[in-house]
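Notes follow the structure.
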Amino acid sequence: MVVVERISASGAVRAIDSLTDPDYTDAFEADTSGAKPRSPEQWARAIFEDAPAAMCWFLRISWRTVLGLRLGPQRSPDHVLGWHILDRAASSVTLELRSWFLYCHLVFWLEDTKLVFSTSIRYERKIGVVIWPPVSILHRRIVPYTLKHAVSRPVS
């Protein structure tokens, strides 16, 4: 059974992310000891691109229509399900997207057999304060689901 826990999005997790002054942060940690080794980018791709087709569709539609995020190509060397790869490092990968009212970073960080998926959001306009909080409730349910799904599946 894959264990995913919500953890503090401070300290080492925040040190990796370059987004300054986020208005929202969260982080989830998954135990990957039972999974085949992957790089942080491979984990990001497994979480998003190898999710069930209905989940991929739901995510892309929600990101685009509800959050207004400007998605790139669905699959490309520089994008993960439309998210631009901002930074690649040996133990982490950072994805970014913007909308007219939000700036978002997703960080996937590996430490031994732990994978941390952190989200940081900065409101670029006041409407973000209205839109993101209710969306974040669903976000905090989807992230553990996608993490569990990716960890429990073999490397593709």
Mean ellipticity per residue at 222 nm, deg cm²/dmol - from DSSP H runs of n ≥ 4 across the chain, formula -39500 (n - 2.57): -11000 deg cm²/dmol
Pop a pseudo-label 7 angstrom from the Cα along the beta-carbon direction at both ARG60 and ALA89 and give the gap in nm to one decimal. 3.1 nm
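Can you list which of the chymotrypsin sites (Phe, Trp or Tyr not before Pro) found in the stretch 53-156 are DSSP loop residues with at most 13 other C-beta atoms within 10 Å?
Within the stretch 53-156, the qualifying chymotrypsin sites (Phe, Trp or Tyr not before Pro) (loop, at most 13 other Cβ atoms within 10 Å) are TRP100.
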Bins of 5 Å, beginning at zero and ending with the bin holding the largest distance: percent of Cα pairs per bin for the chain, please. 2, 9, 20, 24, 23, 15, 6, 1, 0
Identify which of PRO134, PRO22, PRO40 has the largest mean-square fluctuation in a Gaussian network model of the chain, with springs joining Cα atoms closer than 10 Å. PRO134
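Counting only other residues whose beta carbon sits under 12 Å from that of ALA12, what net charge do I get with K and R as +1, D and E as -1?
Its environment carries a net charge of -1.
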Put +1 on the Cβ of every Lys and Arg and -1 on every Asp and Glu Cβ in the stretch 78-156; which of THR94, TYR145, LEU115 then has its Cα farthest towards the positive end of the dipole? TYR145
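Nearest 20 debye, what's the magnitude of the dipole of the stretch 4-152 about its Cα centre given +1 on Lys and Arg Cβ and -1 on Asp and Glu Cβ?
Dipole about the Cα centre, nearest 20: 480 debye.
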Under 14 Å, Cβ to Cβ, from VAL130 - net charge with Lys/Arg +1 and Asp/Glu -1: 0
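Read-outs: derived from the displayed coordinates by stated rules, not from any lab. Just so you know, these numbers come straight off a predicted model, no measurement behind them. Cβ: placed from backbone, ideal geometry, glycine included. Neighbour counts: every protein chain shown.
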